[in-house]
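Below is one structure, written out as structure tokens; the observations come after it.
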Amino acid sequence: MRDNTIAGLAAIGVLILWEALTYAFQIPELMLPAPSVIAGEFAGESGRLILANTWPTAVQTVSGFAAAALLGIVVATAMVYSDIVRETLYPYLVAFQVIPKIALAPLFVLWLGIGFWSRFAFATFMSFFPIVIALAAGLKDARPEAVRMCAAFGGTKAQIFSQIRFPYAVGYLFAGLKIGATMSIIGVVIGEFITADRGLGYLILWATSRSDTPLVMAAIVVLCALGLGIYGLVVLAERMVNRVYAGG
Amino acid sequence: MSGSVAQLAEASEPYLAVESVQKVYNAGTSHELEAVSDVSFGVPSGQFLSILGPSGCGKSTLLMMAGGLEQPTRGAVRIAGAPVTGPRRSTGIMFQDPTLLPWKTVLENVLFPIRIQRLPLKDYHQRAHELLAMVGLGDFANKKPHQLSGGMKQRAAICRALITDPDLLLMDEPFSALDALTRDELNDALLDIWQRTRKTGIFITHSIREAVFLSDRVIVMDRRPSRIVDDIPIPFPRPRSMAIQDSKEFVDICAHLRGKIAHA
């Protein structure tokens, strides 16, 4: 709680300093608008513009992330239980972690068109890898002593998964999900940068082309809020899952 | 001394029988390792047997085979006449590591075998509380494992092993990671529990004193080839107290076993 207070005060301090400096040095709005000017963007016509463009970005981010989470859990589970699946997939998952996936974004547009599906697929693609790799590591890392204990009391394979492996991997899973959530929003914005007629990524490009820096900044603020919101949902889900397991 | 063991074994049909058991890991490869070679012994019902030996003598492997977690390469382990082919419900087991699940409370950990065996949990609450009270954890039922000391965790693991009221209790060096004082306390607690429940028990240890103090009988194993080098009864009547450890007889038995291990 105290940490939050200090961080909050620091943020307010930075905003005040930022505001003061833009006035003191007469920094042009085009280069760096003052926080108050950016805040003003949320009212009136530009406010409506921001809201209209937030919705598609949010829907694509959340759906891409949800698909990645589902796919990641299924693939990681399959990798723990099937040697063939693991030996086939694992080297490629690692390889894909290494290559700059953003470079593949134009291909998704080529394959899936300029609509929702290309951005959805690209967000899923971006967000899938950290989730599957984290969860596979977690499921494999479950303490062998605990697995043996469960087996010794007559635990079936399914029980060893649900009672031991999965609860031990929950921490890993959510670490992967937190990265995956960020990756999903990056994937959607990249997609919107390439081809889109709406969304916050599109709005940023459009406002930049019109030298409307306050609107660019306002859109970035909304993206941050969106990212934090999804992150918050993941944290909330983590608490709920932990409470379920804590309840035995 | 070995003569009296033979009589003891003949006197009652062994409840647990280890019959010419051999265990080879990675058979047929360059990493082939013979963990147990041709070991036979029987444990009568209600007997507390300790298996003593240096690390690598295959004593833990033997226990895992009795628990159904490993299969012998040759021979068989039988419990009440039936060969052990997998974990059985009426075997309780304790490991060197307490392996309490950190997200569960002490009570839920004790009830874990009940959950795994899909028995009605609420029928066992009373028993779980009684067991916890018996090992001095009555006030810790709703604590999480991280709030417990090492000794307390192992006490909870004793309760977990006993929750199904098993007829056989297997213990794989359960106290070896504890400090000497805590270990004495837990030996005392285990003796007390044994006094009340009288199950058949197999206790793996490399502490001579612990083996003699707890057991009705001690088997000494050697490593490579892993075989039984001694098998002696421990004559002290029960209930036992710490005081017997200072008696000449106790010290003599320990010295005898130490000689066996040294020459093993």
Inset, instruction - Return, ordered by residue number, the residues of segment A:134-157 whose backbone nitrogen is under 20 Å from a label point located 7 Å along Cα→Cβ of A:GLN97. - result: A:134-143
Legend entry - Cα-only Debye scattering, segment A:147-248: base-10 log of I(q)/I(0) at q = 0.12, 0.17, 0.20 Å⁻¹: -0.58, -0.82, -0.98
Inset, instruction - Take the alpha carbon atoms of segment B:67-121, find their center, do the same for segment A:49-79, and report the distance between the two centers in whole angstrom. - result: 42 Å
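Could you sort out which of B:LYS122/B:LYS199; A:LYS101/B:LYS104; A:LYS140/B:LYS199; A:LYS140/B:LYS104 sit more than 30 Å apart by Cα distance in this structure?
A:LYS101/B:LYS104; A:LYS140/B:LYS199
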Legend entry - Whole-number D in µm²/s for chain B (Stokes-Einstein; Kirkwood sum over Cα pairs; 4 °C, 1.567 mPa s): 68 µm²/s
Inset, instruction - Using a 10 Å Cβ count of at most 16 others and DSSP loop calls, identify the longest part of chain A lacking such chymotrypsin sites (Phe, Trp or Tyr not before Pro). - result: A:43-248
Inset, instruction - Enumerate the calculated ³J(HN,Hα) couplings along segment B:174-188 in order (Karplus 6.51 cos²θ - 1.76 cosθ + 1.60, θ = phi - 60°), each rounded to whole Hz, writing x wherever the residue is Gly or Pro. - result: x, 10, 6, 8, 9, 6, 4, 5, 4, 5, 4, 4, 6, 4, 4
Legend entry - Shape metrics for segment B:103-171, restricted to C-alpha atoms - Rg then Dmax, Å: 11.1, 31
Inset, instruction - Any chance you could check the Cα centroid distance between segment A:96-173 and segment B:234-254 for me, in angstrom? - result: 57 Å
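Relative to the compact-globule scaling 2.2 N^0.38 Å, provide the ratio for the alpha-carbon radius of gyration of chain A.
Here the answer is 1.24, to two decimals.
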Legend entry - Virtual spin-label span in nm between A:VAL37 and A:MET240, 7 Å along Cα→Cβ: 4.3 nm
Inset, instruction - May I ask which residue of A:LEU112, A:CYS150, A:ALA43 lies farthest towards the positive end of the charge dipole of chain A, with charges of +1 (Lys, Arg) and -1 (Asp, Glu) on Cβ and the Cα centre as origin? - result: A:CYS150
Legend entry - Whole-Hz ³J(HN,Hα) from phi, Karplus 6.51 cos²θ - 1.76 cosθ + 1.60, for segment B:84-101, glycine and proline x: 7, 10, x, x, 10, 5, 8, 10, x, 9, 10, 10, 4, 8, x, 6, 6, 7
Inset, instruction - Using only the Cα atoms of segment A:56-114, build the gyration tensor, take square roots of its eigenvalues as a ≥ b ≥ c, and label the shape rounded, prolate or oblate: rounded if a/c is under 1.5, else prolate if a/b is larger than b/c, else oblate. - result: oblate
Inset, instruction - Could you tell me whether segment B:125-226 comes out rounded, prolate or oblate from its Cα gyration tensor? Rule is a ≥ b ≥ c as square roots of the eigenvalues, rounded for a/c under 1.5, then prolate if a/b exceeds b/c, otherwise oblate. - result: prolate
Inset, instruction - Along Cα→Cβ, 7 Å out, is where each label goes; now give me the distance between the ones at A:ALA20 and B:ASP38 in nm to one decimal. - result: 9.0 nm
Inset, instruction - Round to the nearest 0.05 the FRET efficiency obtained for A:ALA10 and B:TYR25 when R0 = 51 Å and r is the Cβ-Cβ distance. - result: 0.30
Legend entry - Phi to ³J(HN,Hα) by Karplus 6.51 cos²θ - 1.76 cosθ + 1.60 over segment A:129-140, Hz, x for Gly, Pro: 5, x, 5, 5, 5, 5, 5, 4, 4, x, 5, 6
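What shape does segment A:194-248 have by the C-alpha gyration tensor, where a ≥ b ≥ c are the square roots of the eigenvalues, rounded means a/c under 1.5, and otherwise prolate means a/b greater than b/c and oblate the rest? List each step's numbers first, then the result.
Working: a/c = 8.24, a/b = 3.43, b/c = 2.40.
The shape class here is prolate.
We did not get these values from a lab; they are worked out from the coordinates using the rules stated. Just so it is clear, the structure is predicted and the values come from calculations on it, not from any experiment. Backbone-built Cβ (ideal geometry, glycine too); neighbour counts: all protein chains shown.
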